[in-house]
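Q: Provided herewith is a single structure, encoded as structure tokens, for subsequent inquiry.
Please treat every number below as a calculation from the coordinates, not as lab data. Quick caveat: nothing in here was measured; it's all calculated off a predicted structure. Positions of Cβ are backbone-derived with ideal geometry, glycine not excepted, and every protein chain shown enters the neighbour counts.
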Amino acid sequence: MKRLEPNLLLAISTGFALILLVMSTSFLSPSVPLLRNALLAVICSSGFVLLNPVLQRLMKFPDRPPMINRDAANTGVWSAFFPLGVILAAGIPVVWPGHDYGLLVIIAAIWFGVTVESAIKARRMPG
């Protein structure tokens, strides 16, 4: 590997933030089964990565470039909000424990799926 791909680093950092969110929502929500949020995260993120390209083709949407692009200098700064938002969401169960945060896990899993899709697109791009 000659250089680190920024889209891959974005996906990895968002993945670690998602793990932190799943742990905080699982351990601080006593009414929720322990593995439910982990399964939600895996199913939603993998479902997004697998099904979104099919839906994009069916809807005839144009191909989007990866999130972090060399041609637009500020894309790296803007995409840093993905892991930051998930980390901030992981703090919500700490402040208000005891609730069901399944929707929060689903939203963060979709954000993780977006970053993984961006890393896959960046890997397939020539150059």
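Q: Sort through SER45, SER13, SER26 and tell me the only one that's farther than 22 Å from ALA122 by Cα, small (Gly, Ala, Ser) and either in contact with a helix residue (DSSP H, G or I) (Cβ under 9 Å, 6 or more places away or on another chain) or part of a loop (DSSP other than H, G, I, E, B) (or both).
A: Exactly one residue qualifies, and that residue is SER26.
Q: What is the one condition in (1) closer than 17 Å to GLY76 by Cα; (2) in contact (Cβ under 8 Å) with a residue 24 or more places away in the chain that LEU9 does not satisfy?
A: (2)
Q: Given ILE107, ILE19, ILE43, ILE68, which one is among the hydrophobic types (A, V, I, L, M, F, W, C) and crowded, with 17+ Cβ neighbours inside 10 Å?
A: Criteria check complete, one pass: ILE68.
Q: Return the pair list, or none, for Cβ contacts closer than 7 Å from residues in the range 42-70 that are without any contact (Cβ under 8 Å) to a residue 12 or more places away in the chain to residues that are of a type in the set (Val, Ile, Thr), at least 6 apart or on different chains.
A: ASN69/THR75
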